[in-house]
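Below: one structure, written as structure tokens.
The values are calculated or read from the model by the stated rules, or taken from the named source; none is laboratory data. As the structure is a prediction and not an experimental result, all values here were calculated from the model. Positions of Cβ are backbone-derived with ideal geometry, glycine not excepted, and every protein chain shown enters the neighbour counts.
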Amino acid sequence: MTLIKSISGIRGTIGGEIGNNLTPIDAVKFASAYGSWLIKRNKDKQQLTVVVGRDARISGKMISSLVANTLVGLGINVIDLGLSTTPTVEVAVPIENADGGIILTASHNPKQWNALKLLNEKGEFLNGAEGQKILTIAESDDVSFADVDNLGTYTKNNEYVKIHIDEVLNLELVDVDAIKKAKFKVVVDGVNSTGGIFIPALLDRLGVECIKLYCEPNGQFPHNPEPLKEHLTDISELVVKEKADFGIVVDPDVDRLALVSEDGSMFGEEYTLVACADYVLSKKTGNTVSNMSSSRALRDVTQKHGGTYQASAVGEVNVVELMKKTNAIIGGEGNGGIIYPASHYGRDSLVGVALFLSHLANLDMSCKELRDSYPSYFMSKNKIQLTPQIDVDKILEVMADKYKNEDVLTIDGVKVNFETEWVHLRKSNTEPIIRIYTESTSQDNADKLAERIISEIKEIIK
């Protein structure tokens, strides 16, 4: 079992030993550190507020109660959204004039995992320096709780399904009338988490017929919750059977969006951002950003519309930082994460669904035809499990040296750009693995490049 402490939060498996897993003690300790950091950061403010929300994981209610009551014990007011999504909490923080937010979710990890994702007063993820300060507080136990007359308050707010959807529908480029006229029929796989609440509610407001698959928010994930092709056979079959226009798949906390075309083929999570960016850029010229592990297709589409594309280090906070620096009008990550600043600086599947529906409604083509209209790149996403004996830094150093005559980037692991393909090697922030992503002009070429790189890494490990 595992506990991963990083600048982006704390993530671990439920149960087991304190300090080695996400136990109640660890949840309280980390929530205390976050709350203490907020208090020190806002010395001149008498009363602080934090918004809390969770996905539908089995452990969610327990962890959420521990976190919320820890904050109350520090003298911080808590607004609990209950079953929610990561983007919903991000939207709620500024609306509530809160000083921060915590989402209890382990994103795409299996059901035994949970995590605390931490936000600032803008509803955005903390940067590295801020995250490090919280880790330092957690290790030093530099925490002082409030006395009985100064405890925080606890309030529940169940209105944010409507509030978030209203915010999405009010976006200038979301063409509600066109979507309603198109009379789309869509299958939704909510992986038995909160996407099963929020996405159907959004579709209902847009006049889209919704066929629900795994939309019961009970935390019993019916398949691996990462929205990859090999995990999505059920929705692919149902889209064809129901003669739907396409399928929508989200991860447990609804910040990643994958699409299935009407013939059951994957639109590709890499191409979710490409399609949404294509629509936004067709209405307004501007720049885009994605991370280094994302498809070159976004670069191609951006340049087609006269904009400039740039790549950041992996991690939402890095993408957001570069988007702000370059005034990007849309960006995100190739894992299906859409970041649309007109809404907020966070990956948001509700925004992604609304933009994609607007795009499709304004075109006289099917979902598959739209996918086929984009440059064809093929990715292979692999990983190598790490053990304490493996020196990851040495592996990356050796691989960078091996390919030093190519175009090599080392701002985030090692990325080697070849003429028609690339490979990106990096240590995961959320799992004890090395990620190996490759992209080429055919699936066979991408797979072969990945196999070659993996064999070279294994030679180094020997």
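Selection of first residues in the range 107-122 that are buried (at least 18 other Cβ atoms within 10 Å of the Cβ) and of second residues that are part of a loop (DSSP other than H, G, I, E, B) and among the aromatic types (Phe, Trp, Tyr), restricted to Cβ pairs under 6 Å at least 6 apart or on distinct chains, gives the following pairs, ordered by first then second residue: Lys111/Phe221.
Each residue in the range 87-117 was checked for being touching a helix residue (DSSP H, G or I) at 6+ places or on another chain (Cβ under 9 Å) and assigned to a helix (DSSP H, G or I), and 6 of them qualify. Of the residues Ile329, Ile384, Ile395, the single one that is surrounded by 15 or more Cβ atoms within 10 Å (Cβ to Cβ), part of a strand (DSSP E or B), hydrophobic (A, V, I, L, M, F, W, C) and not assigned by TED's automatic domain parsing to the domain that holds Thr308 is Ile384.
Restricting attention to the range 131-155, the residues that are part of a helix (DSSP H, G or I) and touching a Leu at 6+ places or on another chain (Cβ under 8 Å) total 2.
Residues that are surrounded by 15 or more Cβ atoms within 10 Å (Cβ to Cβ) and assigned to a helix (DSSP H, G or I) within the range 407-455 comprise Asn445, Ala446, Asp447, Lys448, Leu449, Ala450, Ile453, Ile454, listed in sequence order.
Only residues that are over 21 Å from the mean Cα position of the chain (by Cα) and outside any strand (DSSP E or B) were counted across the range 3-23, and they come to 6. When Gly131, Gly123 are checked against the criterion of being on the phi > 0 side of the Ramachandran plot and in the same structural domain as Pro24 (by TED's automatic domain parsing), a single residue qualifies: Gly123. Residue by residue through the range 233-264, note down the ones that are in a loop (DSSP other than H, G, I, E, B) and either of a type in the set (Val, Ile, Thr) or surrounded by fewer than 23 Cβ atoms within 10 Å (Cβ to Cβ) (or both). Scanning the range 233-264 gives Glu242, Lys243, Asp245, Val254, Glu262, Asp263, Gly264.
In the range 60-81, the residues that are in contact (Cβ under 8 Å) with a residue 24 or more places away in the chain form Cβ pairs under 6 Å with partners that are acidic (Asp, Glu), at six or more places apart or across chains, as follows: Ala68/Asp80; Ile79/Glu96.
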